[in-house]
Each structure stands twice: as C-alpha cells, then as structure tokens.
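The values are calculated or read from the model by the stated rules, or taken from the named source; none is laboratory data. Model, not experiment: these values are computed from the prediction. For neighbour counting, all protein chains shown are included, and Cβ atoms are generated from backbone atoms with ideal geometry for every residue, glycine included. To get the accessible areas, we keep the full protein, side chains included, count just its heavy atoms, and leave off ligands, DNA and RNA. Shrake-Rupley method; radii C 1.70, N 1.55, O 1.52, S 1.80 Å.
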Amino acid sequence: SQTIHQWPATLVQPVGSPLSLECTVEGTSNPNLYWYRQAAGRGLQLLFYSVGIGQISSEVPQNLSASRPQDRQFILSSKKLLLSDSGFYLCAWKSSGTVNTEAFFGQGTRLTVV
Amino acid sequence: QKEVEQDPGPLSVPEGAIVSLNCTYSNSAFQYFMWYRQYSRKGPELLMYTYSSGNKEDGRFTAQVDKSSKYISLFIRDSQPSDSATYLCGTWGISSGSARQLTFGSGTQLTVLP
C-alpha cells in the first residue's frame with residue numbers, strides 16, 4: 001500500500017533562518033506531488049506541484065522554493081524565513097495515471113517563525 | 001470567483017443529529033469531488049469521493065453531487081463526538097500546465113456535542 005511521510009511534525013525557527021521540509025511517498029511510482037499551506041481558519045493554498053523529477057510548478061510567488069531530487073521525494077525550502085511563512089504545511093500525492101483520482105495527504109508540519 | 005466555496009461554520013450539533021455539509025463549485029466541467037476530514041493539527045484524511053452526479057454511501061456518510069446546481073453535499077447520519085473535525089470539499093480544478101490543481105473549499109468546522 002502507498003504511504004506518505006512528512007517531517008518534521010513541528011518546527012520553530014527564527015526569522016532569517018533557512019528551512020527544509022521533506023516529504024516522501026512509498027509504494028507508488030511517478031506520483032504527482034503537491035505542497036500546500038494552511039493558515040489558521042483558512043483553506044488550503046497550493047504552493048507547488050510536481051509531475052516528475054526536477055519538474056516544479058509554482059502557484060504563488062513567495063519566499064519559498066521546492067525541489068524534487070528523486071521520484072518520490074519532494075522538498076520545500078527557504079533561504080531566509082519570514083514571520084509570514086508561519087503556518088501548517090502539507091504534502092500530498094496522487095497517481096499520475098489518471099486525471100481524476102484521489103489525493104492523499106501527509107500529517108503536516110506546523111512551522112512557527114519567531 | 002473561487003472555484004469551490006464552502007460555508008466555514010462553525011457548526012455545532014447534538015450527538016445523533018444528521019449533519020449536512022455543503023459546497024458549491026464554479027465550473028460545470030468539474031467532475032470528481034472529494035471530501036476530507038481534518039482533525040486538529042493533523043493532515044486531511046480522505047473520507048469519500050464521488051464522480052459526476054448522484055449519491056454515494058459509506059456507512060454513516062453519504063456524498064451527493066447535483067451538477068445542475070453545481071452543489072456538493074456530505075451527510076453524516078447518527079453523528080458522533082468523534083466526527084468533530086473540519087470537513088473540506090475538493091475537486092480537480094482548471095488544468096495548469098501538465099497537472100490539474102486540487103482546489104479546496106475553506107472547510108467547515110463541525111462540533112458534535114455529547
């Protein structure tokens with residue numbers, strides 16, 4: 001069966017520090033991968049998605065970047081965190097073989113920038 | 001106009017009540033709809049999905065799509081305190097590049113009182 005792992009679960013970082021959040025998927029090949037951010041009381045905002053290794057599409061211009069160095073690995077990064085980067089970050093995957101199919105989420109990383 | 005709109009609530013019901021959670025969507029081309037349940041500080045968990053119109057039932061949960069009015073609903077029968085969570089509706093939105101975007105409503109916060 002397929003599983004998605006996301007870490008760390010919580011993170012407190014000072015303003016100006018770098019960030020690296022990692023997401024890995026097991027049990028499938030060539031998944032579509034997504035990074036979302038969820039602000040308190042708000043919906044899910046799509047940040048990045050990837051359809052293959054090295055292929056990243058950005059949906060929102062911001063202080064963050066994403067990379068996909070391996071087929072089932074998706075990394076969210078920042079060189080210098082801002083206070084506004086605080087939030088709940090979620091990684092998700094779906095099968096690339098079908099347009100309309102379920103998406104599955106990791107357990108999220110709660111980031112607090114202080 | 002947002003692709004998916006959802007009443008944020010909060011919604012509070014007594015245990016055993018029938019709960020109705022609703023979303024509207026903007027594009028009649030959308031066909032695949034998902035409902036997620038998200039407990040506090042956790043990632044969204046896929047609850048149900050439906051394709052095109054009609055009803056789909058799974059235990060105490062029923063998902064309904066009315067394409068004529070672009071309205072999707074999730075009904076919870078015999079609601080339990082363990083159903084207390086935020087419920088998110090989602091659909092595969094407008095294609096962007098080589099992958100569709102999974103777009104969500106803002107979520108409805110449900111509390112079932114014992």
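The table below lists the values:
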item: Label-point gap, in nm, between B:Tyr71 and A:Ser58 - each point 7 angstrom along Cα→Cβ; result: 4.1 nm
item: 9 Å beta-carbon shell around A:Phe88, net charge (K/R +1, D/E -1); result: +3
item: Total formal charge among the other residues, if their Cβ is under 10 angstrom from that of B:Ser53, Lys/Arg +1 and Asp/Glu -1; result: 0
item: Exercise: per-residue mean of other protein chain Cβ atoms within 10 Å, A:100-109; result: 6
item: Chain A, relative contact order [Cα under 8 Å, separation at least 6], %; result: 35 percent
item: Histogram of C-alpha separations across the range B:4-113, 5 Å bin width, %; result: 2, 13, 23, 25, 19, 11, 5, 2, 1, 0
item: Contact surface B-A: accessible area buried, both sides summed, square angstrom, 1.4 angstrom probe; result: 1900 Å²
item: Rounded to 5, percent antiparallel among DSSP beta bridges of chain B; result: 90 percent
item: Accessible area in square angstrom per residue, chain A, 1.4 angstrom probe; result: 46 Å²
item: Where labels lie 7 Å past Cα in the beta-carbon direction, separation of A:Ala9 and A:Ala39 in nm; result: 2.7 nm
item: Net charge contributed by nearby residues that have their C-beta within less than 9 Å of B:Ala63 (K/R +1, D/E -1); result: -1
item: Shielding by partners, peptide B:31-38 (average Cβ within 10 angstrom, other chains); result: 3
item: Cα-Cα pairs of the protein assembly as shown separated by more than 34 Å (percent); result: 14 percent
item: Where the range B:4-113 is the region considered: accessible area per residue in Å², 1.4 Å probe; result: 44 Å²
item: Protein accessible area in the protein assembly as shown, 1.4 Å probe - carbon and sulfur %; result: 50 percent
item: Exercise: per-residue mean of other protein chain Cβ atoms within 10 Å, B:44-55; result: 2
item: Per-residue HN-Hα couplings for the range B:74-85 [Karplus 6.51, -1.76, 1.60; θ = phi - 60°; Hz; x = Gly/Pro]; result: 10, 10, 10, 8, 6, 4, 10, x, 5, 7, 5, 5
item: Between the range B:49-93 and the range A:7-73, the Cα center-to-center distance that results, in Å; result: 28 Å
item: Whole-Å semi-axes of the range A:3-113's equivalent ellipsoid (Cα gyration tensor); result: 23, 14, 13
